[in-house]
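First up is the structure itself, then whatever we jot down about it.
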Amino acid sequence: HPLQNRWALWFFKNDSSRVWQDNLHLITKFDTVEDFWSTYSHIQQASKLSSGCDYALFKDGIQPMWEDSRNKRGGRWLVSLAKHQRHSKLDRLWLETMLCLIGESFEEHSREVCGAVVNIRTKGDKISVWTQEAENQASVLHIGQVYKEHLGLSTKATIGYQAHADTATKSTRNKFVV
Amino acid sequence: GTRIIYDRKFLMECRNSP
């Protein structure tokens, strides 16, 4: 079953003795449902990774970093997990995130999606969906609302959208909230 | 062109099919 897009799965392992980009490794690319599941079954669950590691799933041709021309004007919907949620929720939420991307759950707004990242961190893990244009309010909000629904988050819970340009300057201002 | 959209249920079923 062909996917709308070819996707690249990346792995980042923090090694401070090397420059950031040398710690980023392409695992594989796939463009069918079957190859997605084959990849998924052969890699470690996110919750089993060590702190400082990331997985990133991006459309083929987009590097999983702010500096990429398709990312630099964009931003991310950010889901921050409490420490105790690594074992109860992280793997399910990351799988739901990937299914939203490869299944094009955001319909025509899916073209705004660049990728998604899961960060494994001691202080609390994070999952984010990256979109290409932070000023495209209609798409950003649609993606955020659908994403939150697919994650099964409580209506009382909120997730925030941050522009990469703000994150890069260490600001954590939410541009949008759903 | 037409966008290829798969819902969660379909994707999960594909996981279990041989």
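How many of the residues in segment A:91-144 are assigned to a strand (DSSP E or B) and among the aliphatic types (A, V, I, L, M)?
Let us first name the residues in segment A:91-144 that are assigned to a strand (DSSP E or B), namely A:113-119, A:126-131.
From the residues that got through so far, the ones that are among the aliphatic types (A, V, I, L, M) too are A:113, A:116-118, A:127, A:129.
Qualifying residue count for the region: 6.
Do you know which residues across segment A:53-84 are surrounded by fewer than 18 Cβ atoms within 10 Å (Cβ to Cβ) and part of a strand (DSSP E or B)?
Within segment A:53-84, just A:Ser80 meets the criteria.
Mind telling me which of the residues A:Ser80, A:Ser51, A:Ser88, A:Ser69 ends up being modelled with pLDDT under 95, out of contact with any helix residue (DSSP H, G or I) (no Cβ under 9 Å at 6 or more places or on another chain) and of a type outside the set (Phe, Trp, Tyr)?
Going through A:Ser80, A:Ser51, A:Ser88, A:Ser69 in turn, the sole match is A:Ser88.
Out of segment A:96-138, which residues are within 14 Å of chain B (Cβ to nearest Cβ) and over 20 Å from B:Met12 (Cβ atoms)?
If the condition is that a residue be within 14 Å of chain B (Cβ to nearest Cβ) and over 20 Å from B:Met12 (Cβ atoms), then A:Glu108, A:His109, A:Arg111, A:Glu112, A:Val113 are the ones that fit.
I'm told A:Leu90 meets every condition in (1) within 20 Å of B:Arg3 (Cβ to Cβ); (2) under 15 Å from the mean Cα position of the chain (by Cα) except one. Can you identify the failing condition by its number?
Status for A:Leu90: all satisfied but (1).
Among the residues of segment A:17-54, what is the count of those that are among the charged types (D, E, K, R), in contact (Cβ under 8 Å) with a residue 12 or more places away in the chain and away from chain B (no Cβ under 14 Å)? Break it down into steps so the answer makes sense when it comes.
To start, the set of residues in segment A:17-54 that are among the charged types (D, E, K, R) comprises A:18, A:22, A:29, A:31, A:34-35, A:48, A:54.
Cutting the leftovers down to in contact (Cβ under 8 Å) with a residue 12 or more places away in the chain gives us A:29, A:31, A:34, A:54.
In the following step, the residues that additionally are away from chain B (no Cβ under 14 Å) were identified as A:29, A:54.
So the answer is 2.
List, please: which pairs have Cβ atoms under 6 Å, are six or more places apart or on different chains, and start with a residue in segment A:1-16 that is more than 9 Å from every other protein chain (Cβ to nearest Cβ) and part of a loop (DSSP other than H, G, I, E, B) and end with one that is surrounded by 13 or more Cβ atoms within 10 Å (Cβ to Cβ) and of a type in the set (A, V, I, L, M, F, W, C)?
Final answer for the pair search is A:Lys13/A:Cys53.
Looking only at segment A:170-178, decide whether some residue is surrounded by fewer than 20 Cβ atoms within 10 Å (Cβ to Cβ) and assigned to a helix (DSSP H, G or I).
Within segment A:170-178 (the criterion being surrounded by fewer than 20 Cβ atoms within 10 Å (Cβ to Cβ) and assigned to a helix (DSSP H, G or I)), the answer is no, since none of the residues qualifies.
List the residue pairs whose Cβ atoms are under 8 Å apart, where the first residue sits in segment B:1-14 and is within 7 Å of chain A (Cβ to nearest Cβ), the second is of a type in the set (Asp, Glu) and not in a loop (DSSP other than H, G, I, E, B), and the two are 6 or more positions apart or on different chains.
B:Arg3/A:Glu107; B:Arg3/A:Glu108; B:Ile5/A:Glu107; B:Arg8/A:Glu96; B:Cys14/A:Glu34
Of a type outside the set (Gly, Ala, Ser), within 23 Å of A:Lys13 (Cα to Cα) and in a helix (DSSP H, G or I), is that true of A:His87?
Judged against the criteria, A:His87 is a match.
Look at A:Asp125 and say whether it is surrounded by fewer than 21 Cβ atoms within 10 Å (Cβ to Cβ) and among the charged types (D, E, K, R).
Against the criterion (surrounded by fewer than 21 Cβ atoms within 10 Å (Cβ to Cβ) and among the charged types (D, E, K, R)), A:Asp125 does not qualify.
The values are calculated or read from the model by the stated rules, or taken from the named source; none is laboratory data. All of these numbers come straight from a predicted model, not from anything done at the bench. In this analysis, Cβ positions are derived from the backbone assuming ideal geometry, glycine residues included, and neighbour counts consider all displayed protein chains.
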